[in-house]
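Heads up: the structure comes next, in structure tokens.
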Amino acid sequence: MKQTIITYVKDEPGVLNRIASHFYRLNYNIESIAAGRSEVRGITRLTIVCNHTDDYNQSLIKNHLEDLDTVLDVIDISNVPSVLREHALVKLKPGKKGMSLLNDLVSEKGAKIIDNDNSICIVEATGEVEEVENLIKKLKQFEILEIMRSGKVAMVKVDQDEHRVEIEEMKRQKGWTTQQISDALY
Amino acid sequence: MKQTLITLVENKPGVLNRISSLFRRRNFNIESLVVGHSETDGVSRMTIVANEPNATKRGYIYFSLLKLVNVIAVKDVSSLPCVAREFILIKLNTSPEQLNEVNSVVKKYGARIVDMGNETVIIEATDEEHIINELIDGLMPFKITEIMRTGKIAMRRGRTHKVSSDKINAAPDDIEWKPEQISAYQN
């Protein structure tokens with residue numbers, strides 16, 4: 001099973017290096033990593049996906065990440081229902097006949113053609129990971145020139161959020177981290 | 001000036017470590033970095049945005065990336081016509097009365113509602129960086145509880161030549177780069 005981790009880190013030079021060398025030291029392959037600004041200034045949010053079946057390694061990864069100095073919080077959401085989306089850009093050459101076919105396919109799948117330069121199109125797709133994969137499979141019938149996929153981006157689902165007030169209280173009173181809370185709740 | 005680099009790398013453990021320690025060693029700040037699968041199996045594609053005012057140092061970043069063993073190809077697209085998009089997930093706390101207002105903001109920026117509960121909404125959007133910033137400003141009146149934003153992902157417009165397999169196998173040290181070759185490769 002794939003392990004998905006949300007991590008909050010300080011926005012400083014060298015943070016990514018620490019996390020990357022941590023994975024390198026343990027010899028784990030990162031399947032994807034996506035970093036970006038979060039709702040708090042100066043804090044970056046990472047979504048890391050690793051491919052590890054065994055529970056021991058999963059907890060090892062999590063615990064080691066927590067030990068890092070610049071890491072503020074680690075949440076393992078592999079078993080929590082969450083929104084897991086991906087963003088992809090595909091450059092392809094549909095040719096004269098394929099253009100209408102491409103248009104149909106794109107509108108059916110909720111993707112967008114964002115650029116058309118001398119009949120070389122760039123298609124933008126977002127969606128659940130499988131949706132994006134299926135779309136790319138279907139686009140293979142045209143001549144694909146380039147694919148750029150962002151890593152998986154995760155956020156815990158809304159339905160799981162009914163405990164939010166409870167969570168905030170726990171955080172304040174006991175000084176728990178989010179992971180401890182999610183362990184307690186789910 | 002911001003420098004955008006498209007990099008093709010081998011998909012192996014430790015590759016990200018090499019690239020990030022290169023930036024750390026030379027003390028360049030990475031503004032954003034996105035890694036994902038590319039059209040070839042075993043090859044990952046990165047979009048790196050660095051913020052370096054000095055033009056010589058910008059060239060230095062390019063050539064030191066090219067020298068790394070696991071790096072297959074590097075392309076500096078800062079001044080080339082390209083498409084650069086960003087992806088964002090926002091979680092909002094709203095009351096049911098505010099839902100209409102949220103909906104109108106979401107429609108205005110071409111965003112989508114992905115998940116909805118009693119008091120919370122998750123919104124997804126993809127666009128260029130400044131429009132994403134505008135979207136966040138537009139949603140400021142509502143209570144934003146979480147934001148997850150990816151960095152820029154970039155792709156050049158029009159036809160570009162594919163990376164040939166010889167280039168994948170060639171060790172970077174074996175290639176003697178002449179200035180005209182370099183400029184040809186960059187265009």
For this session: Residue by residue through segment A:102-133, note down the ones that are of a type in the set (S, T, N, Q) and without any contact (Cβ under 8 Å) to a residue 12 or more places away in the chain.
Result: A:N103, A:S107, A:N116, A:N118
Problem set entry | Within segment B:51-62, tally of residues that are touching a residue at least 40 places away in the same chain (Cβ under 8 Å) and closer than 25 Å to B:E10 by Cα | 4
Seminar exercise, completed: Those residues of segment B:44-67 that are surrounded by 16 or more Cβ atoms within 10 Å (Cβ to Cβ) and either modelled with pLDDT under 85 or over 23 Å from B:A84 (Cα atoms) (or both) come to a total of 3
Exercise. Of all residues in segment A:30-54 being of a type in the set (V, I, T) and not in a strand (DSSP E or B), which is nearest to the other protein chains (Cβ to nearest Cβ)?
Worked result: A:V40
For this session: Could you grab me the full set of residues in segment A:4-16 that are touching a residue at least 24 places away in the same chain (Cβ under 8 Å) and in a helix (DSSP H, G or I)?
Result: A:V15
Problem set entry | Which listed residue, of A:N63, A:N79, A:N57, A:N27, is on the phi > 0 side of the Ramachandran plot and either outside any strand (DSSP E or B) or at pLDDT below 85 (or both) | A:N27
Problem set entry | Conditions (1) facing chain A (nearest Cβ under 9 Å); (2) surrounded by fewer than 16 Cβ atoms within 10 Å (Cβ to Cβ): number failed by B:T126 | (2)
Exercise. Is segment A:17-27 home to any residue that is surrounded by fewer than 17 Cβ atoms within 10 Å (Cβ to Cβ), of a type outside the set (D, E), in contact (Cβ under 8 Å) with a residue 60 or more places away in the chain and within 13 Å of chain B (Cβ to nearest Cβ)?
Worked result: no
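Just to be sure before I move on: is A:I144 hydrophobic (A, V, I, L, M, F, W, C), free of Cβ contacts under 8 Å to residues at least 40 places away in the same chain and either more than 10 Å from chain B (Cβ to nearest Cβ) or more than 20 Å from B:R149 (Cα to Cα) (or both) in the structure I sent?
No: the conditions fail for A:I144.
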For this session: Scan segment B:13-36 for residues that are more than 7 Å from chain A (Cβ to nearest Cβ) and under 18 Å from A:Y24 (Cα atoms) and report the count.
Result: 6
Exercise. When you go through B:G151, B:G138, B:G158 one by one, which is the residue that is farther than 29 Å from A:N116 by Cα and of a type outside the set (S, T, N, Q)?
Worked result: B:G138
Exercise. For segment B:72-99, what are the residues that are surrounded by fewer than 17 Cβ atoms within 10 Å (Cβ to Cβ) and out of contact with any helix residue (DSSP H, G or I) (no Cβ under 9 Å at 6 or more places or on another chain)?
Worked result: B:S79, B:P81, B:S95, B:P96, B:E97, B:Q98, B:L99
Exercise. Mind checking whether some residue in segment A:128-142 is surrounded by 14 or more Cβ atoms within 10 Å (Cβ to Cβ) and among the aromatic types (F, W, Y)?
Worked result: yes
Problem set entry | Residue that is of a type in the set (V, I, T) and more than 9 Å from chain B (Cβ to nearest Cβ), where the choices are A:I114, A:I6, A:I75 | A:I75
Exercise. Out of the residues in segment B:100-115 that are surrounded by fewer than 16 Cβ atoms within 10 Å (Cβ to Cβ) and within 14 Å of another protein chain (Cβ to nearest Cβ), which is nearest to B:T145 (Cα to Cα)?
Worked result: B:I113
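The values are calculated or read from the model by the stated rules, or taken from the named source; none is laboratory data. These numbers were taken from a predicted model, which means no experiment stands behind them. Ideal geometry is used to build each Cβ from the backbone, glycine not excepted, and the neighbour counts take in all protein chains shown.
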